[in-house]
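Here's the structure, in structure tokens; my notes come after.
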Amino acid sequence: MSGGGAVTYTVWAVLIALPLLAAWLTLDPGLGGARRRIWWAVLAAAGAAALIAAPRVATFSQQELLVFLAINALVVASYRLLALTGEFSLGHVVMMGVGAYATALFSKRLGVPVPVSMLLAAGVTGLVAFILAFPLFRMKGFYFLIGSFAAGEAIRLTWKRFQDPFGGPKGVSRIPGFPDMEVGPFELLFWEPVTYYYLALAVAAASIWVLWRIERSHIGLVFHAVHWQDQLAGAVGVNTWRARATALVVASAFAGLAGALLAHYLTTVNPNRFDVDEMVYVLIWVIVGGTATIWGPIVGLIALTAINEVVLRDAGVDELRPMFYGAVLILAMLFLPEGLETLPRRVAGWLGRGRPAG
Amino acid sequence: MDLAVFIQTCLNAVYASSYLALVAVGLVLIFGVMRVVNFAHGELYMAGAYALFWVFHQTGLPFFLGVAVAIAAVGALGLVMERALFRPMRNNPLGGLICSIGALLILQAGAVALFGVRKKSFAGPYNEAVSLFGVESLTISGQRLAVIAFAVALLGALWVFLKKSRFGWALRAVAQDPDAAALQGISIGRISMLAMALGAGLAGAAGALTATIVPTGPYMGHSVIIGAFIVIIVGGVGSLEGAVVASILYAFVSTFVTTIWDGVVADIAGLLLMLAVLVARPQGLFGRPERA
């Protein structure tokens with residue numbers, strides 16, 4: 001949010017504090033069951049209030065930023081689902097692009113109604129991920145990283161190369177917007193950033209809830225097992241390929257949904273928006289935030305975006321901003337490898353309350 | 001495609017494979033010793049190009065001095081990266097890779113801060129075209145010939161160093177089995193610094209040699225690193241010979257596809273080639289399967 005001002009700083013501070021506190025609660029601050037539930041309820045209410053109120057005190061450009069934050073929250077949260085199985089992909093942003101291109105083509109070329117087209121796009125992205133799972137999950141670690149990059153970049157260059165139907169380097173423009181609606185006395189005009197923010201927020205919140213339920217379910221435990229003990233997991237009858245493929249398909253489908261949200265907001269998509277530079281930023285948000293809880297990547301996203309938009313934009317050093325991101329990434333790897341999400345617990349440990357970190 | 005175009009395309013491919021091999025061999029050297037995939041390697045190449053721009057074009061010193069300065073300066077940059085980033089991450093295989101992504105961003109922004117975003121084009125000392133075999137339509141610029149000659153000389157010198165010198169023996173020992181090498185009294189830290197300096201120096205040499213042929217810009221490392229990754233995967237991630245052979249193979253495929261169709265198709269073909277090798281033969285054409 002460009003420009004300082006007490007209101008802006010307060011909004012950012014609240015937006016960073018909420019997921020940090022949620023991460024703390026998830027990581028067990030040593031609270032008993034009943035008190036913990038009360039804290040969750042308080043946090044959920046405060047979070048809902050803050051997220052609904054945020055655009056009301058924001059300027060137009062800040063409202064646009066909130067839309068991107070909601071969409072990117074879904075991107076980083078879905079990225080983490082794949083990271084749960086221990087694999088880091090460099091193709092996730094391209095998967096987001098698959099969703100964006102799919103919904104653009106469905107709604108513009110075939111006239112599919114936009115909400116249906118967005119869901120179809122998520123499905124198509126999941127399908128593409130399923131096909132990619134066959135070659136990619138013959139690899140692990142560094143090889144998977146490089147393989148996912150190669151597959152993603154090949155897809156992205158295909159959009160760039162083929163004018164029909166992908167529009168070449170210029171991409172697809174004049175994508176239909178989300179249709180206006182009347183809900184009781186309210187007229188929802190989705191070309192307005194505030195309204196679209198609420199839509200993106202609702203979709204992202206529902207999706208993140210689903211991702212959280214998946215993590216807490218049996219399949220989530222399987223993901224952890226595949227991450228830490230894949231040979232043992234295989235020996236006791238877990239189909240490790242299927243677990244990894246499930247994580248990739250689900251994570252990609254939600255990334256595709258995020259891409260569809262982006263496409264109908266911008267009403268234009270092009271190959272450069274999904275290039276490896278964007279992927280590097282997603283990776284930095286996730287790693288700086290931490291992957292132990294679903295809140296970690298969201299903390300990373302909001303904290304780094306806040307510094308980027310408030311501090312660096314005011315300082316007017318546009319082309320030096322990558323340097324800041326690079327330095328933050330390195331410092332986080334060296335000094336805070338568990339991510340920002342562990343900060344409250346550490347601070348509590350230093351203050352002598354709660355349990356010591358570790 | 002008539003014969004003249006065919007031979008011209010072959011010459012271009014030989015040129016492309018020469019500087020690609022310099023970059024890829026350095027990448028393999030670093031990976032072999034430290035098990036770190038250096039994503040910032042393209043930016044080391046870029047730093048070499050800027051070193052030549054500064055020494056040769058701006059200061060007006062001789063070309064060869066510029067190349068030497070580039071090798072030394074980028075080698076020193078590699079040493080700094082080893083000490084500051086890769087050594088603390090020695091027990092974290094993806095950690096070094098992620099730190100190198102941070103280094104990539106810092107080096108790119110540093111180049112923008114020092115030299116601006118605009119690309120620099122400047123002429124080298126050997127601009128006149130040389131015709132080959134006395135055929136007039138068949139020419140190659142002297143600058144490109146110099147790149148090829150330099151690359152062959154540097155890779156030859158590296159080969160002799162690795163096979164004949166004590167440091168070379170130690171380096172290969174660490175690449176084969178770090179624990180056994182350490183038990184023989186070889187300092188892994190010093191060999192890592194040596195590998196990093198050599199690998200970075202080779203990338204710097206490649207950047208300096210090509211700086212007068214391709215425009216020098218802060219983001220020039222991007223296309224080179226993708227090519228180099230394709231090469232090291234196809235050649236086998238730990239294999240120096242594989243990197244050289246795969247450089248030649250990839251440069252020929254890429255140059256011919258570019259000539260027949262276009263550059264984007266060539267990039268897609270290269271990426272699909274890499275995917276195919278990853279699926280069918282993950283150890284690469286020349287690598288051995290990794291120990292468990």
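The values are calculated or read from the model by the stated rules, or taken from the named source; none is laboratory data. Predicted, not measured: the structure shown is a model, and the values here were computed from it. Quick reminder, even Gly has a Cβ in these numbers, built from the backbone with ideal geometry, and neighbours come from all protein chains shown. The protein model used for the area step is the full one, side chains on, heavy atoms only, and it has no ligands, DNA or RNA in it. Shrake-Rupley method; radii C 1.70, N 1.55, O 1.52, S 1.80 Å.
Of the candidates B:32, B:48, the single residue that is of a type in the set (Gly, Ala, Ser), more than 11 Å from chain A (Cβ to nearest Cβ) and surrounded by 24 or more Cβ atoms within 10 Å (Cβ to Cβ) is B:48. Residue selection: residue B:65 fails the criterion of being closer than 21 Å to residue B:189 by Cβ, more than 14 Å from chain A (Cβ to nearest Cβ) and assigned to a helix (DSSP H, G or I).
Of everything in the stretch B:156-185 that is open to solvent by less than 40 Å² (accessible area, probe 1.4 Å) and free of Cβ contacts under 8 Å to residues at least 40 places away in the same chain, the residue that is nearest to residue B:287 (Cα to Cα) is B:173. Tell me whether the stretch A:133-155 contains one or more residues that are within 12 Å of another protein chain (Cβ to nearest Cβ), charged (D, E, K, R) and either surrounded by fewer than 21 Cβ atoms within 10 Å (Cβ to Cβ) or part of a loop (DSSP other than H, G, I, E, B) (or both). Looking through the stretch A:133-155, at least one residue is within 12 Å of another protein chain (Cβ to nearest Cβ), charged (D, E, K, R) and either surrounded by fewer than 21 Cβ atoms within 10 Å (Cβ to Cβ) or part of a loop (DSSP other than H, G, I, E, B) (or both). Of the residues B:77, B:85, B:97, B:105, the single one that is closer than 22 Å to residue A:324 by Cα and in contact with a Cys (Cβ under 6 Å, 6 or more places away or on another chain) is B:85.
Restricting attention to the stretch B:101-155 and to residues that are assigned to a loop (DSSP other than H, G, I, E, B) and either under 30 Å from residue A:284 (Cβ atoms) or of a type in the set (Ser, Thr, Tyr) (or both), the residue that is least open to solvent (accessible area, probe 1.4 Å) turns out to be B:116. Listed by first and then second residue, the pairs with beta-carbon distance under 6 Å, at least 6 apart or on different chains, first residue in the stretch B:258-279 and more than 9 Å from every other protein chain (Cβ to nearest Cβ), second open to solvent by 30 Å² or more (accessible area, probe 1.4 Å), are B:266/B:258. For the stretch B:89-96, the criterion of being within 14 Å of chain A (Cβ to nearest Cβ), in a helix (DSSP H, G or I) and at pLDDT 95 or above is satisfied by no residue at all.
Scanning the stretch A:263-282 for residues that are part of a helix (DSSP H, G or I), hydrophobic (A, V, I, L, M, F, W, C) and open to solvent by less than 10 Å² (accessible area, probe 1.4 Å) yields A:263, A:274, A:279, A:282. Beta carbons closer than 8 Å, at least 6 apart along the sequence or on distinct chains, pair a first residue in the stretch B:231-246 that is acidic (Asp, Glu) with a second that is outside any loop (DSSP other than H, G, I, E, B) for B:241/B:235. Looking at the stretch B:78-87, can you tell me whether even one residue there is more than 11 Å from chain A (Cβ to nearest Cβ), without any contact (Cβ under 8 Å) to a residue 12 or more places away in the chain and surrounded by fewer than 18 Cβ atoms within 10 Å (Cβ to Cβ)? Yes, the stretch B:78-87 contains at least one residue that is more than 11 Å from chain A (Cβ to nearest Cβ), without any contact (Cβ under 8 Å) to a residue 12 or more places away in the chain and surrounded by fewer than 18 Cβ atoms within 10 Å (Cβ to Cβ). Scanning the stretch A:188-244 for residues that are more than 21 Å from residue A:259 (Cβ to Cβ) and touching a strand residue (DSSP E or B) at 6+ places or on another chain (Cβ under 8 Å) yields a count of 1.
Scanning the stretch A:286-298 finds no residues that are closer than 24 Å to residue A:105 by Cβ, away from every other protein chain (no Cβ under 14 Å), open to solvent by 10 Å² or more (accessible area, probe 1.4 Å) and part of a helix (DSSP H, G or I). Among the numbered conditions (1) over 20 Å from residue A:193 (Cβ atoms); (2) open to solvent by 60 Å² or more (accessible area, probe 1.4 Å); (3) modelled with pLDDT of 90 or more, the only one that residue A:52 does not meet is (1).
Which of the residues belonging to the stretch A:45-103 are out of contact with any Phe, Trp or Tyr (no Cβ under 9 Å at 6 or more places or on another chain) and of a type in the set (Ser, Thr, Tyr)? Once the filter is applied, which keeps residues that are out of contact with any Phe, Trp or Tyr (no Cβ under 9 Å at 6 or more places or on another chain) and of a type in the set (Ser, Thr, Tyr), the stretch A:45-103 yields A:59, A:61, A:103. Residues that are open to solvent by less than 50 Å² (accessible area, probe 1.4 Å) and farther than 25 Å from residue A:308 by Cα occur at least once in the stretch A:10-26. Go through B:194, B:183, B:158, B:154 for me and flag whichever is closer than 30 Å to residue B:91 by Cβ and under 16 Å from the mean Cα position of the chain (by Cα). On inspection, the qualifying residue turns out to be B:158. Checking B:40, B:51 one by one, the residue that is more than 26 Å from residue B:176 (Cβ to Cβ) and at pLDDT 90 or above is B:51 and no other. Residues that are out of contact with any Asp or Glu (no Cβ under 6 Å at 6 or more places or on another chain), within 14 Å of chain B (Cβ to nearest Cβ) and among the polar types (S, T, N, Q) do not occur anywhere in the stretch A:100-123.
In this structure, is residue A:175 touching a residue at least 12 places away in the same chain (Cβ under 8 Å), in a helix (DSSP H, G or I) and surrounded by 15 or more Cβ atoms within 10 Å (Cβ to Cβ)? Criteria not met by residue A:175. Can you find even one residue in the stretch A:233-241 that is in contact (Cβ under 8 Å) with a residue 24 or more places away in the chain, of a type in the set (Phe, Trp, Tyr), within 14 Å of chain B (Cβ to nearest Cβ) and out of contact with any Leu (no Cβ under 9 Å at 6 or more places or on another chain)? Within the stretch A:233-241, one or more residues are in contact (Cβ under 8 Å) with a residue 24 or more places away in the chain, of a type in the set (Phe, Trp, Tyr), within 14 Å of chain B (Cβ to nearest Cβ) and out of contact with any Leu (no Cβ under 9 Å at 6 or more places or on another chain).
Name, by its number, the condition in (1) within 14 Å of chain B (Cβ to nearest Cβ); (2) crowded, with 17+ Cβ neighbours inside 10 Å that does not hold for residue A:327. So the condition that residue A:327 fails would be (2). At least 1 residues being of a type in the set (D, E, K, R) is the threshold, and among the helices (runs of 4 or more DSSP H) wholly inside the stretch A:1-108 those reaching it are A:33-53, A:60-84. Of the conditions (1) open to solvent by 10 Å² or more (accessible area, probe 1.4 Å); (2) farther than 14 Å from residue A:16 by Cα; (3) in contact with a helix residue (DSSP H, G or I) (Cβ under 6 Å, 6 or more places away or on another chain); (4) more than 9 Å from chain B (Cβ to nearest Cβ), residue A:322 satisfies every one except a single condition; which number is it? With (1) open to solvent by 10 Å² or more (accessible area, probe 1.4 Å); (2) farther than 14 Å from residue A:16 by Cα; (3) in contact with a helix residue (DSSP H, G or I) (Cβ under 6 Å, 6 or more places away or on another chain); (4) more than 9 Å from chain B (Cβ to nearest Cβ) applied to residue A:322, the lone miss is (4).
Out of curiosity, is residue B:236 at the interface with another protein chain (Cβ under 10 Å from one of its Cβ atoms) and modelled with pLDDT under 90? So residue B:236 does not fit the description; no.
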